[in-house]
Amino acid sequence: MKETLPFAPEVFERRLAVAREAVAKRGLDAMLVTLPANIYYLSAFHTPAYDYCQFVLVPASGEPTTFNILHESEYLVVQRSYIQKRFTYAGFNQHLDAARDLLVREGLAKGRIGIDKASFFFTIRDLEGLAERLPGARFEDTSGLVEAFRKVKSPEEIAYIRQAARVCEAGMRAGIEACREGASGCDISAATHHALISAGGDYTSYPAFINVGWGSSLVHNTWDATKAARGDLVFLELSGVIRRYGAALMRSVAIGPIPDEMEQRNTVVHDVLQRTMDAVRPGVTSGHVNQACLDAFAKHGYKNLKRAGYSMGINFPPGWSEGNFLDISHGNPTVLEPGMVFHLPQPFRVPNQQTVSTSETVLVTKDGCEPITNFPRELFRK
């Protein structure tokens, strides 16, 4: 038995060919790919045990090699990875010696080797230790090299994101249904997660952000046992994941009547989201879309403190977005292209006050912007 690959073999061959070409154009002999999302993009391999050292060695020419701890390599890589040339190490403290041995075996003891210095997953100590073991090698920064090819999604990738949106919607629907006076954040979260998994969703790369009342004012705040009372708002932001591709959605629920100020803020966030979406189209810059969002908030007398959105696609902990290399942000000169996918979260957040919010995951099309998420865009009331 072998796990079914998320894409056809020729997809991975194309991706690896493009990566090899990029390595060669940089004048490098090889590249170590250490970011889990990039490893997945090139090989289909994934594991939540990324605390072990792992990488894919991509040479300028020739066959790539996976590098993993022994039990992952023998029991998981062999079943899950498109790349089947493997090199292993037996224990946590031996990985740098093994990495040196692999590079020597591949004729790279004195090579120019690219490595992602922005990666969370290959530490400064690892890089320094590997350089000490290979004094003749030269290590150069290839941060963002693979990510450049991930910005625009293929039709197959977009299909997975659409499936993830359906999972996300199922979770959101269940979370909203669980909101009622006396329900705790834990109750709402339990219903949400049951629905996400029952709909076929993979594990998420961020926790769901589910907050009752005042807790909604806290950014990236997870659920707790606070019980909803009349006049409270419940904040829900979550993602669905299929084959490690994700879509996210944000909504709010009012428990009984809420103050007029909150009703006004609800009007604001929905207006801002629509105006931001209206600005999304191919050929404009990320900064242009972000400014449209800022201007929409300013029209209502509010100053937004965050970027307007971030790319969605392959996601691994510690985050569900690709915002580290593609986002909608102030002054960003990146030109939007058809096939890019963004989450556009628009909360009206004021310190120590409840938060009203809304969002969509959207696709840049040849004509403009298509919401991939399909869920009523409103403040829900219980």
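Only the coordinates and a few stated rules stand behind these numbers; no lab work does. Computed from a predicted structure; not experimentally measured. With ideal geometry, Cβ positions are generated from the backbone for all residues, glycine too; neighbour counts draw on all protein chains shown.
Work out, step by step, the length gained on full extension between residue 128 and residue 141: first 0.36 nm times the residue separation, then minus their alpha carbon distance; give nm to one decimal.
Gain on extension, residue 128 to residue 141, equals 3.3 nm.
When we measure straight from the Cα of residue 366, which lysines land under 26 angstrom away, once same-chain ones fewer than 8 places off are left out?
151, 153
Cα centroids of the stretch 254-329 and the stretch 26-92: how far apart, whole angstrom?
Comparing the Cα centres of the stretch 254-329 and the stretch 26-92, I get a distance of 36 Å.
By counting other Cβ atoms within 10 Å of each Cβ, how are 20, 265, 244 ranked from fewest to most?
Least to most surrounded, the residues fall as 20, 244, 265.
How high is the relative contact order of the stretch 155-381, in percent, with contacts defined as C-alpha pairs under 8 Å that are six or more residues apart?
23 percent
What is the gain in length, in nm to one decimal, between residue 2 and residue 222 on full extension, counting 0.36 nm per residue of separation less the C-alpha to C-alpha distance?
75.5 nm
Just to confirm a number: summing +1 for Lys and Arg and -1 for Asp and Glu over residues other than residue 200 whose beta-carbon lies under 15 angstrom from that of residue 200, what do you get?
So the environment of residue 200 carries a net charge of +3.
I need the GluC sites (Glu not before Pro) found in the stretch 1-59, filtered to DSSP loop residues with at most 12 other beta carbons within 10 Å of theirs.
3
If contacts are Cα pairs under 8 angstrom and at least 6 residues apart, what is the relative contact order of the stretch 257-382 in percent?
Computed over the stretch 257-382, the figure is 28 percent.
How much length is gained if the chain between residue 229 and residue 334 is pulled fully straight, taking 0.36 nm per residue apart and subtracting their Cα-Cα distance, in nm to one decimal?
33.3 nm
All other residues with a Cβ under 14 Å from the Cβ of residue 54 taken together, and with Lys, Arg as +1 and Asp, Glu as -1, what is their net charge?
-3
I need the calculated FRET efficiency for the pair residue 198 and residue 110, taking r as the beta carbon distance and R₀ as 56 Å, to the nearest 0.05.
Efficiency computed from Cβ-Cβ geometry: 0.55.
State the label only: which of (i) 20.8, 62; (ii) 20.4, 69; (iii) 22.6, 70 corresponds to Rg and Dmax of the Cα atoms in Å computed from the shown model?
Recomputing Rg and Dmax of the Cα atoms in Å here gives the entry labelled (iii).
Considering only DSSP states other than H, G, I, E and B, which trypsin sites (Lys or Arg not before Pro) in the stretch 46-103 qualify as loop sites with at most 14 other Cβ atoms within 10 Å?
Hits after loop and neighbour filter: 85.
Once R0 is set to 30 Å, what does the formula 1/(1 + (r/R0)^6) return for the Cβ-Cβ distance between residue 306 and residue 52, expressed as a FRET efficiency to the nearest 0.05?
0.30
Given Cα positions, please report Rg to Rh for the stretch 9-150, the hydrodynamic radius being the Kirkwood one.
Here the Rg-to-Rh quotient is 0.92.
Quote the FRET efficiency, to the nearest 0.05, computed for residue 299 versus residue 26 with a Förster distance R0 of 45 Å and r equal to the Cβ-Cβ distance.
The calculated FRET efficiency here is 0.50.
With only alpha-carbon atoms counted, please give the Rg and Dmax of the stretch 218-357, in Å.
In Å, with Rg to one decimal and Dmax whole: 15.9, 47.
Where nothing but the Cβ of Lys and Arg (+1) and of Asp and Glu (-1) is charged, how large is the charge dipole of the chain around its Cα centre, in debye to the nearest 20?
Charge dipole, the chain, about its Cα centre: 300 debye, nearest 20.
Tell me the relative contact order for the chain as a rounded percent, counting alpha carbon contacts under 8 Å between residues six or more apart.
Relative contact order here is 14 percent.
By how many degrees, between 0 and 90 and to the nearest 10, does the Cα long axis of helix 155-178 differ from the longest principal axis of the chain?
In the chain, helix 155-178 runs at an angle near 40 degrees to the longest axis.
What order do you get for 152, 241 when you list them from fewest to most C-beta neighbours inside 10 Å?
Fewest-to-most Cβ neighbours within 10 Å comes out as 152, 241.
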